[in-house]
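What follows is a single structure, written as C-alpha cells, with notes after it.
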Amino acid sequence: MRILAVNAMLLAVGLLALELVFGSWIRDNRIQQLNLITDRFYLHDVSSLYDNGGRPVEYRRDRYGLRGAYEDPASIDVLTVGGSTTDQKYVGEGETWQDVLRDRFARDGRMVSVVNAGVDGHSTIGHLRSFDWWFPSIPGLAPHYVLFYVGINDVHVESQREYDRLAQPDTRTALDWIRERSGLYYMYRTLRGIWLAEQKQVGHRRVDFGTVTWVDAPLRRGHALRSADRRRAYANRLKRLARLTRELGAEPVFVTQTLMSSREVDGRLVGVEGVGSNGLDANIILGLFNATTLQVCREVRAICVDLARELRPEFDDADFYDFSHTTPRGAAKIGAYLYRSLRDELEF
C-alpha cells in the first residue's frame, strides 16, 4: 500500500507539472490550444504525396501564426480562415491558392494582400476560438474581408452539445472552463483528433486514383435526417462567425468545399468503395453541409461562392493528392476561380 501511495503521489505530481507547463492556468496562453504554429520555417518532403521533381516545399508561419506576404497586420485585405484545405501544409510558399488569388489581383493592377489563417484540423469550432483567442492577439488586425473555406471538417464534428458550449461563451460550464485551460485535455483532444482523421480518411496521404475501386450506390440511407442536428449546430456557428467578422470590421465571404471521393463515369455517379459508408455517402453529406453554408450565407447577406458546384467539373486526379487536399496544380485552379468569382465583389 505504501508503494502504491508513493507511486500515486509521484504520478499526481507529474501530471500537475505537465498541466503547469502545457496548460493555461498560470498565464493565459490558450493560443497553443489551437494547434497554432508560430515563427517557424519547415522544408517538407512531399514525394510521398505527389510528384514535384523531388523538390522540398517551403512552409512558413510568421510570429503571428499567419502565412503569406503582407507589410503589417493592419494592411491585410483578405484573411482566409479554414482547416487543412486552407492551410495547405504541403503546398509551398508562393503556390497556395491564396498566393494565386493575390497574384491574379496584381495582374489586374490591384495590390491585394491575401493572408492565410488556416489551421490544420480546424472546424468552425476552432475558427470561433480563433476569434476569441488568436485574432485579438494580432496587433492592428483589421481585414476588409474574412473568407471562410469551410464544411469538410464540420461533417465529422461529433458531440455537438459539448462543442457548441465551447462555441458559445455565455453557456460554458465549469467543466468547459477547465477543458479550455487543461494541457492534458489538449493532448487527449489532439491525439483523438489524429485518430479520428485517420478513421474518417481526412488526414494527409497519397491516393492512387487509378487503383481506387468505384461503386455506384451509397451504403447509407436517410443522410438528411442523420445529419440534421449537426447541420443546425453548424448553421449556428456560421452565423456567429459572420457576426464576429463584422465586429472585426470586415465582411464575411463563405466558400463551399468539394471532395474527390465521387465522380461521374459514363454518365453514372460513382464513389470510392468503403466500409460503413463510401464516397457517395461522403459527397451526399458534404452536399448537405454546403447547402447549409449557402443558406446561412444568404441569410446573413454575406458574399457566397459555390466552389463545390461550379469548379468541381474542372478538377482532375492531378489536382489532388488525396480526396480533399490539393496539389499546387489544384491550388492554382482554386485561386484562379476565386479571382474570377470575387474580382467584382470585393471593394478596397
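The values are calculated or read from the model by the stated rules, or taken from the named source; none is laboratory data. Computed from a predicted structure; not experimentally measured. Glycine gets a Cβ as well: all are built from the backbone with ideal geometry, and neighbour counts include every protein chain shown. We work out accessible area using only protein heavy atoms, side chains counted, and drop any ligands, DNA or RNA first. Shrake-Rupley method; radii C 1.70, N 1.55, O 1.52, S 1.80 Å.
If Glu347 meets every condition in (1) acidic (Asp, Glu); (2) open to solvent by 30 Å² or more (accessible area, probe 1.4 Å); (3) touching a Gly at 6+ places or on another chain (Cβ under 9 Å) apart from one, which number is that one?
Of everything listed in (1) acidic (Asp, Glu); (2) open to solvent by 30 Å² or more (accessible area, probe 1.4 Å); (3) touching a Gly at 6+ places or on another chain (Cβ under 9 Å), Glu347 misses just condition (3).
Among the residues of region 251-296 satisfying the criterion of being assigned to a loop (DSSP other than H, G, I, E, B) and charged (D, E, K, R), which is farthest from Leu311 (Cα to Cα)?
Glu273
Under the condition of being in a helix (DSSP H, G or I) and touching an Asp or Glu at 6+ places or on another chain (Cβ under 9 Å), which residue from region 12-37 is modelled with the lowest pLDDT? I'd like the intermediate steps shown before the answer.
Just the residues of region 12-37 that are in a helix (DSSP H, G or I), to begin with: 12-22, 30-34.
Next, only the ones that are touching an Asp or Glu at 6+ places or on another chain (Cβ under 9 Å) stay: 30, 33.
Numbers: Arg30: 63, Gln33: 70.
The residue in question is Arg30.
Pull up region 226-250, narrow it to residues that are small (Gly, Ala, Ser) and either out of contact with any strand residue (DSSP E or B) (no Cβ under 8 Å at 6 or more places or on another chain) or assigned to a helix (DSSP H, G or I) (or both), then point me to the one that is surrounded by the fewest Cβ atoms within 10 Å (Cβ to Cβ).
Of region 226-250, the ones small (Gly, Ala, Ser) are 227-228, 233, 235, 242, 249-250.
Of the ones still in play, those that are also either out of contact with any strand residue (DSSP E or B) (no Cβ under 8 Å at 6 or more places or on another chain) or assigned to a helix (DSSP H, G or I) (or both) are 227-228, 233, 235, 242, 249.
Working: Ser227: 18, Ala228: 12, Ala233: 19, Ala235: 17, Ala242: 21, Gly249: 10.
Of everything passing the filter in region 226-250, Gly249 is surrounded by the fewest Cβ atoms within 10 Å (Cβ to Cβ).
Determine which member of the set Ser324, Ser261 is buried (at least 22 other Cβ atoms within 10 Å of the Cβ), hydroxyl-bearing (Ser, Thr, Tyr), farther than 24 Å from His127 by Cα and at pLDDT 95 or above. I'd like the intermediate steps shown before the answer.
Numbers: Ser324 fails: farther than 24 Å from His127 by Cα.
After ruling out the rest, the residue left standing is Ser261.
Glu347 fails exactly one of the following numbered conditions: (1) part of a helix (DSSP H, G or I); (2) modelled with pLDDT under 95. What is the number of that condition?
Status for Glu347: all satisfied but (1).
Out of Ala291, Ala336, Ala331, Ala318, which single residue is among the aliphatic types (A, V, I, L, M), within 19 Å of Thr124 (Cα to Cα) and either open to solvent by 20 Å² or more (accessible area, probe 1.4 Å) or out of contact with any Cys (no Cβ under 8 Å at 6 or more places or on another chain) (or both)?
Details: Ala336 fails: within 19 Å of Thr124 (Cα to Cα); Ala331 fails: within 19 Å of Thr124 (Cα to Cα); Ala318 fails: within 19 Å of Thr124 (Cα to Cα).
One residue alone meets the criteria, Ala291.
Working only within region 111-134, note down all residues that are closer than 14 Å to Ala242 by Cα, open to solvent by less than 10 Å² (accessible area, probe 1.4 Å) and of a type in the set (Val, Ile, Thr).
Once the filter is applied, which keeps residues that are closer than 14 Å to Ala242 by Cα, open to solvent by less than 10 Å² (accessible area, probe 1.4 Å) and of a type in the set (Val, Ile, Thr), region 111-134 yields only Thr124.
Which residue is least open to solvent (accessible area, probe 1.4 Å), if the candidates are limited to region 87-101 and must be out of contact with any helix residue (DSSP H, G or I) (no Cβ under 8 Å at 6 or more places or on another chain) and touching a residue at least 60 places away in the same chain (Cβ under 8 Å)?
Step one: filter region 87-101 for residues out of contact with any helix residue (DSSP H, G or I) (no Cβ under 8 Å at 6 or more places or on another chain), giving 87, 89-90, 94.
Applying the additional criterion that residues be touching a residue at least 60 places away in the same chain (Cβ under 8 Å) yields 89-90.
On the way: Lys89: 60, Tyr90: 44 Å².
Within region 87-101, the match that is least open to solvent (accessible area, probe 1.4 Å) is Tyr90.
Go through (1) surrounded by fewer than 22 Cβ atoms within 10 Å (Cβ to Cβ); (2) within 30 Å of Arg246 (Cβ to Cβ) one by one and return the number of the condition Gly83 breaks.
(1)
Out of all the residues in region 38-63, which are part of a loop (DSSP other than H, G, I, E, B) and open to solvent by 50 Å² or more (accessible area, probe 1.4 Å)?
Going residue by residue through region 38-63, those that are part of a loop (DSSP other than H, G, I, E, B) are 38-39, 45-56, 62-63.
Those that are part of a loop (DSSP other than H, G, I, E, B) and open to solvent by 50 Å² or more (accessible area, probe 1.4 Å): Thr38, Asp39, Asp45, Ser47, Ser48, Asp51, Gly53, Gly54, Arg55, Pro56, Arg63.
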